[in-house]
């Protein structure tokens, strides 16, 4: 009989974990930024802010790192696009056109 009750307990635990996973709140980037910026002035403690927003402090402290990493990735993408062959071609074409325009016309 113990075996049966242990199995039902495992099934119940699995069901509860599944429900928690599906009902977990997902924060948008705007919400994350709003919450992180609310903690910056220092008027309210981070613990109080996290209680008010219903998040764990560890989650709060991981968000600024995520935002910084995203900012760095976006900056890297911009640099990569600036060195693309198409941009290099456009720059050389622009330089050639500037040379043509700078040549004085003899009238």
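The values are calculated or read from the model by the stated rules, or taken from the named source; none is laboratory data. The structure presented is a predicted model; accordingly, all values stated were derived computationally and were not measured. Every residue, glycine among them, receives a Cβ derived from its backbone with ideal geometry; neighbour counts consider all protein chains shown.
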Q: Restricting attention to region 28-53, report how many residues are modelled with pLDDT under 90 and part of a loop (DSSP other than H, G, I, E, B).
A: 6
Q) What residue, of 25, 3, is at pLDDT below 90, outside any loop (DSSP other than H, G, I, E, B) and either on the phi < 0 side of the Ramachandran plot or surrounded by 10 or more Cβ atoms within 10 Å (Cβ to Cβ) (or both)? A) 3
Q. Would you say residue 74 is under 22 Å from the mean Cα position of the chain (by Cα) and assigned to a helix (DSSP H, G or I)?
A. yes
